[in-house]
Amino acid sequence: MAFKHAKREAKCPECGCTHFFEDESKGERVCAKCGLVLEESMVDTSPEWRAFDEDQRSKRTRAGAPLTFTKHDKGLTTEIGRGRGELFKVRPEKRAQYYRLTKWQKRLVESKDRNLSFALSELQRLISFLGLPRSVHEEVAKKYEQAVDRGLVRGRSMESVIAALLYAVTRELGTPRTLEEIAEASGVERREIGRTYRYIARELRVRILPAPPQDYVPRFASMLGLSDKVQAKAIQFLREAKKNEVTSGKGPTGVAAAALYIAAVLEGEKRTQREIADAIGVTEVTIRNRFKELVEKLGIEEEVEKKVREES
């Protein structure tokens, strides 16, 4: 069947109208004002099936899984065999052929793909260990491939590059993790992660500002078992402190810990400074110093002291 395709017009050549509608049953594009047929025998590119709920849609769709940077081959390659257990699912007379195909596929894999395969499995472990979202997983995988393509991984351990990128991306996407947390999860020294981070950030032109203390509050509050009221009050204190320039030049984790301590005291959910220090990974001295600065600048020193005396 021959199809006639008319050129799409910005406006109707007959009346100058810019509004059109498409008649799906006839495959025509028609001017809404004068009825002139601008295009006919249009090809319907939508699926030939219909779905009335999500379950039907998932069963009837024939597209594959979406491309993802979290797999070394973007999820496109067909792998022959996944372990020696697969060999025994093949008929005995075909096992030798199957074994040869598996072996040659592994030999023909490029060094880049082999590197990505190992690195992304390590990344998957860190993402799971630190409880990070998929958006972070995708972005780190994408940036790691860019680093491999530019030869930035050569001469450095794969683990340190992954850890450095993880540190950068978590801050960029508003789910920051401290260097200590990433060092503990990855087994790479804090100093090595910092050195690699500075190099990778410079070469990939990644410019990330220090994470604000507010970004740490929800996670720290969850670790300490504090309520939403405490979180909201702590974030409010931090915003006021930022206006008064109390937080500039201070470590965000220490400031967030002090704000949570103050909010917990005022909301009657007191946690000791030692409890907060042990859970978050900062020293009691840091919390004490940030606490004094915050209550003084926010003008709530007397209120906090009164609440502490009532509870003691």
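The values are calculated or read from the model by the stated rules, or taken from the named source; none is laboratory data. Bear in mind that the values here come from a model prediction, so they are computed numbers and not experimental data. Note that each Cβ is placed from the backbone with ideal geometry, even for glycine, and that neighbours are counted across all protein chains shown.
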Inset, instruction - For region 291-312, name all the residues that are among the charged types (D, E, K, R) and either at pLDDT below 80 or farther than 16 Å from Lys243 by Cα (or both). - result: Lys292, Glu301, Glu302, Glu303, Glu305, Lys306, Lys307, Arg309, Glu310, Glu311
Inset, instruction - Find all pairs meeting these conditions: Cβ atoms under 6 angstrom apart; at least six residues apart or on different chains; first residue within region 144-164 and touching a residue at least 12 places away in the same chain (Cβ under 8 Å) and under 20 Å from Ala183 (Cβ atoms); second residue in a loop (DSSP other than H, G, I, E, B) and of a type in the set (A, V, I, L, M, F, W, C). - result: Ala147/Val153; Glu159/Val188; Ser160/Val188; Val161/Val153; Ala163/Val188
Legend entry - One residue from Ala163, Ala147 being among the hydrophobic types (A, V, I, L, M, F, W, C), buried (at least 19 other Cβ atoms within 10 Å of the Cβ), over 26 Å from Phe220 (Cα atoms) and modelled with pLDDT of 90 or more: Ala147
Legend entry - Of residues in region 166-176 being modelled with pLDDT under 90 and of a type outside the set (Ser, Thr, Tyr), the one surrounded by the most Cβ atoms within 10 Å (Cβ to Cβ): Pro176
Legend entry - Of residues in region 184-213 being without any contact (Cβ under 8 Å) to a residue 40 or more places away in the chain and crowded, with 19+ Cβ neighbours inside 10 Å, the one nearest to the chain's Cα centre (by Cα): Tyr197
Inset, instruction - Being part of a loop (DSSP other than H, G, I, E, B) and hydrophobic (A, V, I, L, M, F, W, C) is the filter here, so list the residues in region 255-312 that pass it. - result: Val282, Ile300
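For region 227-249, what are the residues that are aliphatic (A, V, I, L, M) and either in contact with a strand residue (DSSP E or B) (Cβ under 7 Å, 6 or more places away or on another chain) or part of a helix (DSSP H, G or I) (or both)?
Val230, Ala232, Ala234, Ile235, Leu238, Ala241, listed by residue number.
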